[in-house]
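Notes follow the structure.
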Amino acid sequence: MCKLVVIDDNPTDHYIMQRLLHNNYNCQQATYTFDGRLVLDYLEENKDNGTMPDVIFLDLDMPQLTGWEFLDKLETFNADAKKNVRVHIMSSSIRTADVFQSKKYACVNSFMTKPLSRDLVNQVCEQANPMKNTA
């Protein structure tokens with residue numbers, strides 16, 4: 001099963017993601033946070049012990065550490081990490097400039113517009129499932 005982290009400042013979006021992940025056999029371990037700095041700290045503390053997340057769903061528009069700032073720091077982290085973390089941006093933005101900017105980051109796998117669908121979330125979890133990728 002994949003390890004997933006959701007970074008979003010909106011509690012309603014956390015709830016929606018919880019509902020989308022309900023009974024998802026590919027991703028039964030999910031962590032939710034409002035602050036990307038906590039995730040960056042966790043990644044730094046655990047980069048050598050195998051407890052890294054497989055996927056991060058990231059909102060861009062957040063008050064303290066924006067999604068863009070998070071991505072900048074994650075790119076630096078991934079350059080030295082044994083395992084690169086995959087990011088899927090989930091945004092209510094439909095700005096084309098945001099999509100193009102997201103493609104500049106090697107860690108970004110996709111740009112999804114909210115609200116997300118169960119099928120889309122299931123697809124991301126299935127692709128990130130380490131058990132599936134080693135079989």
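The values are calculated or read from the model by the stated rules, or taken from the named source; none is laboratory data. Bear in mind that the values here come from a model prediction, so they are computed numbers and not experimental data. Neighbour counts run over all protein chains shown; Cβ positions are idealised from the backbone, glycine included. Heavy atoms of the whole protein, side chains included, go into the accessibility calculation; ligands, DNA and RNA do not. Shrake-Rupley method; radii C 1.70, N 1.55, O 1.52, S 1.80 Å.
At a glance:
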item	result
Filter result (assigned to a helix (DSSP H, G or I) and crowded, with 21+ Cβ neighbours inside 10 Å) within segment 32-84	G36, V39, L43, G67, F70, L71, L74
Of all residues in segment 115-129 being open to solvent by less than 50 Å² (accessible area, probe 1.4 Å) and touching a helix residue (DSSP H, G or I) at 6+ places or on another chain (Cβ under 7 Å), the one that is nearest to C2 (Cα to Cα)	V121
Scan of segment 85-100 for residues that are closer than 17 Å to I7 by Cα and open to solvent by 70 Å² or more (accessible area, probe 1.4 Å), ordered by number	R86, S92
All positions within segment 1-31 that are out of contact with any Cys (no Cβ under 7 Å at 6 or more places or on another chain) and assigned to a helix (DSSP H, G or I)	P11, T12, D13, H14, Y15, I16, M17, Q18, R19, L20
